[in-house]
Structure formats: C-alpha cells, structure tokens
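To keep things clear, I will list the structure first and then write my remarks on it.
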Amino acid sequence: MTTPEHTSPPTPTGGGRPVAFVTGSTRGIGLGIALHLARQGFDLAINGVREEAQVAEVLNQLRETGADVVYCQGSIAEASARMRMLSTIKAHFGRLNLLVNNAGIAPSVRADILEATEESFDQVMNTNLKGAYFLTQAVANWMIAQKQADSDFPASIITVSSVSATVASVNRGDYCLSKAGLSMATQLFAVRLGEFGIPVYEVRPGIIRTDMTAAVGSKYDKLIADGLTVQPRWGLPDDVGRAVAAIAGGSFPYSTGQVFMIDGGMTLGRL
C-alpha cells in the first residue's frame, strides 16, 4: 500500500515543487504535518512565534528532506503579521498551493465556564479562530488570482481543528468554541471557493501527544486506559501528518468541506 510520503503532490504548471504554508509548525502537530509534506515533495513556509535562531534545528531537519524552507515568524492573531508572512512567501516562492491552518493555543488557565474570563476568551479566539479565518480569507483571494491566471494551478486549504469542535469540555469553553468556529469556517470557505476549484477540508484530531497536552498527560493516560479511544493509545503528530499529506496529495478531489477524523475512534458512538 502506498504511504502518504510516496504520494505525488500536485505539480504546478511550469514544473517546480508545490508550496505549502503550515501555521504553528515548529513543533507538535504542525511539525508532524510539515515533515510529511516535505517528504511528499512540497517546499515549505514554516510559521512560529519564536525567533528564527531558536527554531534553527527544526528548519534544518526540514531542509534535510530536500525541501526549500522559509521561516515566517509571527502570530496569526495579528493582521500585520499575517500580511508580512504572505509577503515573505510571495517574495521567496512567488506562489502558494496549500494552506494548512494549524496554529492554535490552549487557554492559559483551564477555568470552569462559570468562572472563565473575557481576557482568556479573547486571547484564544483571536488566535484560534479570528486569525485563521482572516488568514484563510487572504490566502483564498491569492489562490483565486493564481487560478484565474492559470486554471490548472493546484490549490487547496486544510484546517486542523479538534474533537473539541463537538465534544464539550466545560473547563475550556473558549477553546471548544474556537474549534467549533473553525469547523464552520471550513464549510463556509468550501462553499465559497467551490466555483474556483479550490477544495477546503477539515482534519479533526483527538488526543494527540504534544507540548499542549503534556500538562494533562496523566489524566489522558488513565482515560485511554479506561477505554476513551477505540484504539488504546495516544495519537501522535505523525498520525495527523499522514492524514494531511494524503489530502494534500490530491487523494480526495471530490470531498470538499468534509471532516477527516484522526481520533482513534474516540468519538464513535458505543454501547
């Protein structure tokens, strides 16, 4: 069976490697995605909030795959940073074939919804939903222009949400609302971009072992041992990376707007 690494990515007209912009991609799920896309033949625009010198090892790891990699520092919550990132990509590559909306934050304090603050709500929503929404808007308009210049230009958008889009956690309501909003954003952009031949997808991970979940590792260890997931293990960034690479490789051309569950069966209805 062909693995995602060996799937051929869509080839831009005129040759060259396709370009992917993966937000929040210097560690965790985003890095897992970036590694699989690089191995599959994509050049990369990588994003994080740390200084470039602090992520040099990650960038070198990605470049060792043969990918051309540019670092776009900044928070997607800031409009000026989003525009600066896209300007960097345009100057370096001159094109963009794939956007992967992955950047996201957890609330700094997991507070009951009866006690949670507006400050936390705004912080989470500005990054997880507002930032991703308006970055997608800007990229979508650029992709439309590229499509109008060349109808065969391959372009797609993949948003990484979470099972929290539908599974309620009352001690992090702001996070759940942000992910539910991303799910609707996927549907909205899928509908709007359909006429231009730009498919839009949602990848919905479950319990993934990353820096974000490290603080609650023992909690999820117990839940998984007690049967939280059908497949009795943590998910890994590699699991999400494989799924995104398969979608990005063009394996699902007639599935725009659809949700791909990467949750080990966590959300299956069971008796």
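Values as computed for the structure displayed
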| item | result |
| --- | --- |
| Selection from the stretch 142-160 of residues that are without any contact (Cβ under 8 Å) to a residue 60 or more places away in the chain and either among the small types (Gly, Ala, Ser) or under 13 Å from residue 197 (Cα atoms) (or both) | 143, 144, 145, 146, 147, 148, 149, 151, 155, 157 |
| Checklist (1) at pLDDT below 95; (2) assigned to a helix (DSSP H, G or I); (3) among the small types (Gly, Ala, Ser) applied to residue 132, failing item | (1) |
| Residue within the stretch 167-174 that is more than 26 Å from residue 109 (Cα to Cα), at pLDDT 95 or above, surrounded by 14 or more Cβ atoms within 10 Å (Cβ to Cβ) and under 20 Å from the mean Cα position of the chain (by Cα) present | no |
| Extreme residue, farthest from residue 81 (Cα to Cα), among residues of the stretch 114-133 that are surrounded by 15 or more Cβ atoms within 10 Å (Cβ to Cβ) and of a type in the set (A, V, I, L, M, F, W, C) | 116 |
| Enumeration of residues in the stretch 9-36 that are under 12 Å from the mean Cα position of the chain (by Cα) and of a type in the set (A, V, I, L, M) | 20, 22, 29, 31, 33, 34 |
| Residue satisfying all of: in the stretch 199-223; surrounded by fewer than 19 Cβ atoms within 10 Å (Cβ to Cβ) and aliphatic (A, V, I, L, M); nearest to residue 144 (Cα to Cα) among these | 212 |
| Any hit, the stretch 179-189, residues being of a type in the set (D, E, K, R) and more than 18 Å from residue 258 (Cβ to Cβ) | no |
| Pair list, Cβ under 8 Å, 6 or more apart: the stretch 250-271 residue touching a residue at least 12 places away in the same chain (Cβ under 8 Å) and of a type in the set (Phe, Trp, Tyr), other residue surrounded by 10 or more Cβ atoms within 10 Å (Cβ to Cβ) and assigned to a loop (DSSP other than H, G, I, E, B) | 252/199; 252/258 |
| Matching residues, the stretch 159-197, being over 13 Å from residue 132 (Cβ atoms) and outside any helix (DSSP H, G or I) | 166, 167, 168, 169, 170, 171, 172, 197 |
| Number of positions in the stretch 198-247 that are assigned to a helix (DSSP H, G or I) and either within 12 Å of the chain's Cα centre (by Cα) or in contact (Cβ under 8 Å) with a residue 24 or more places away in the chain (or both) | 13 |
| So residue 254, is it touching a helix residue (DSSP H, G or I) at 6+ places or on another chain (Cβ under 8 Å), closer than 30 Å to residue 141 by Cα, at pLDDT 95 or above and among the hydroxyl-bearing types (Ser, Thr, Tyr) | no |
| Members of the stretch 127-160 that are of a type in the set (S, T, N, Q) and more than 16 Å from the chain's Cα centre (by Cα) | 141, 146, 148, 151 |
| Some residue of the stretch 72-83 being surrounded by 14 or more Cβ atoms within 10 Å (Cβ to Cβ), touching a Gly at 6+ places or on another chain (Cβ under 6 Å), modelled with pLDDT of 95 or more and not in a helix (DSSP H, G or I) | yes |
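The values are calculated or read from the model by the stated rules, or taken from the named source; none is laboratory data. Quick caveat, the model's predicted, so the values are computed rather than measured. Note that we place each Cβ from the backbone using ideal geometry, even for glycine, and neighbour counts take in every protein chain shown.
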